[in-house]
Amino acid sequence: MKVTFLGTGTSQGIPVINSKHPVCFSKDKRDKRLRVSIIVEWNNYKYIVDCGPDFRYQMLRANVNAINGVLFTHEHSDHTAGLDDIRPYSFQMGGVPIYAKQRVLTNLAKRFDYIFIDENKYPGAPSVHQNVVENKPFLLGGLEVIPVEVYHGKLKIYGYRFKNIAYLTDVKTIEDAEKEKLKNLEVLIINAIRHKPHHSHLNLDEALALIEELKPKKTFLTHISQDLGFHADVEKNLPENVFLAYDELVIEVD
């Protein structure tokens, strides 16, 4: 199984428009972060998790010629605003399968009504096949995918476990029953937005405490803001099995 980090930044990305923060002027490629997203690959299947406003460029940069579908964690714009850019894949394969909570699908159908309608549909609009994700395992490409329900502030959203890799972003808290789904992981991918506390995201200390509790073999931190600091500086002070993710990083797990 292979995971490619398409983006590792927060809702504004790095650099942030008109920001004078030193990280925004970094020459380190790892400090340039598009909006958060991954592609997960196994046995010739390719699934995207979230398609934010940088989706088009992310697909071009990673040379992704085909996908099998898109999973959504939640409805916020930095995770969904690129939905229109699935058009080339829709022209290639027909309706693109999308997977999300019913609440998220309803939200997308309102915002992107021209994609979801069937009557008098504009010929150039993409099409989707909606799949409601409930909080129970489902199959994709012969692989069991386990939704993990977490809280983004007060909003219930999903992370996903693919075999021994779990992807959680925009987490603030996780109930004990959901933590049980995160045992015996080879790789945990989880958000760590900054050093200071945040009302709806884990900060670095909270993320590290959760990692210590869950005890995955390796962890990669994502959904990173400029306020976390320079990639090279932050990584020096992390535990030996915890790493900062960066755009275009590829990890593979048996």
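The values are calculated or read from the model by the stated rules, or taken from the named source; none is laboratory data. Treat the numbers as computed from the prediction; the structure is a model and nothing was measured. Virtual Cβ from ideal backbone geometry, glycine too; neighbours counted across all protein chains shown. Side chains included, ligands, DNA and RNA excluded: accessible areas come from the protein's heavy atoms. Shrake-Rupley method; radii C 1.70, N 1.55, O 1.52, S 1.80 Å.
Determine ³J(HN,Hα), in whole Hz, for all residues of the stretch 173-178 in sequence, where each value follows from phi through the Karplus function 6.51 cos²θ - 1.76 cosθ + 1.60 and θ = phi - 60°; x replaces Gly and Pro.
Result, rounded to whole Hz: 9, 9, 6, 4, 4, 6.
Kindly provide the trypsin sites (Lys or Arg not before Pro) of the stretch 1-93 that DSSP labels as loop, not H, G, I, E or B, and whose Cβ sees at most 14 other Cβ atoms within 10 Å. Walk me through the numbers on the way to the answer.
Numbers: sites: LYS2, LYS20, LYS27, LYS29, ARG30, LYS32, ARG33, ARG35, LYS46, ARG56, ARG61; in loops: LYS20, LYS27, LYS32.
Sites meeting the loop and neighbour criteria: LYS20, LYS27.
How big is the dipole moment of the chain about its Cα centre under a simple scheme where the beta carbon of each Lys and Arg is +1, that of each Asp and Glu is -1, and everything else is neutral? Debye, nearest 20, please.
Numbers: 32 positive and 33 negative charges, 68 e Å.
Value, rounded to 20: 320 debye.
When Cα extents along the principal axes in Å is calculated directly from the model, which label among [x] 65, 51, 35; [y] 56, 42, 35; [z] 70, 36, 34 fits?
So the structure-derived entry is [y].
Over the stretch 95-254, what is the relative contact order in whole percent, taking alpha-carbon pairs under 8 Å and six or more residues apart? Don't jump to the answer; show the numbers that get you there.
Working: 270 pairs, mean separation 23.1, N = 160.
Worked out over the stretch 95-254, it gives 14 percent.
If you count the DSSP beta bridges with both ends in the chain, what percent of them are antiparallel, to the nearest 5?
Numbers: 29 of 53 bridges.
Among the beta bridges of the chain, antiparallel pairing accounts for roughly 55 percent.
Across 5 Å bins from 0, what is the distribution of all Cα-Cα pair distances for the stretch 212-254, in whole percents?
In whole percents, the pair-distance histogram is 5, 18, 31, 24, 16, 5, 1.
Quote the relative contact order of the stretch 81-153 in percent (integer), defining contacts as alpha-carbon pairs under 8 Å separated by 6+ residues.
Values: 75 pairs, mean separation 23.5, N = 73.
32 percent.
Straight-line reach from LYS20: which lysines fall under 23 Å, measuring Cα to Cα and dropping same-chain residues less than 8 apart?
The qualifying lysines are LYS29, LYS32, LYS196.
Add -39500 (n - 2.57) for each DSSP H run of 4 or more in the chain, then divide by its residues: what number comes out at 222 nm, to the nearest 500 deg cm²/dmol? Don't jump to the answer; show the numbers that get you there.
Values: 8 runs with 53 residues, N = 254.
Per the formula, -5000 deg cm²/dmol.
Of all the accessible heavy-atom surface of the stretch 33-152, with the other protein chains kept in place and a 1.4 Å probe, what percent is carbon and sulfur? Walk me through the numbers on the way to the answer.
Details: 2570 of 5460 Å².
So the carbon and sulfur contribution to the accessible surface is 47 percent.
Around LEU244, which amide H atoms from residues at least 5 apart in sequence, or from another chain, sit under 5 Å from its own amide H, with H modelled in the peptide plane?
LEU221
Find the relative contact order for the stretch 29-132 and round it to a whole percent, using C-alpha pairs within less than 8 Å whose residues are 6+ positions apart.
Relative contact order here is 23 percent.
VAL96's amide H: which non-local residues (gap 5+, or another chain) put their own amide H closer than 5 Å, with H modeled 1.01 Å from N in plane and none for Pro or chain starts?
Here the answer is SER127, VAL128, HIS129, since their amide H atoms fall under 5 Å of that of VAL96.
Are there trypsin sites (Lys or Arg not before Pro) in the stretch 195-254 that DSSP marks as loop and that have at most 16 other Cβ atoms within 10 Å, and which are they?
Numbers: sites: LYS217, LYS218, LYS236; in loops: LYS217.
Counting only loop positions with at most 16 other Cβ atoms within 10 Å, the trypsin sites (Lys or Arg not before Pro) in the stretch 195-254 are LYS217.
Would you check the accessible area of ASP84, probe 1.4 Å, heavy atoms only, in square angstrom rounded to 10?
Roughly 30 Å² of ASP84 is accessible to a 1.4 Å probe.
Longest span of the chain, sites excluded, free of GluC sites (Glu not before Pro) in DSSP loop with at most 14 other C-beta atoms within 10 Å? Before the final figure, lay out the partial values.
Working: sites that count: GLU119, GLU134, GLU175, GLU240.
It works out to 1-118.
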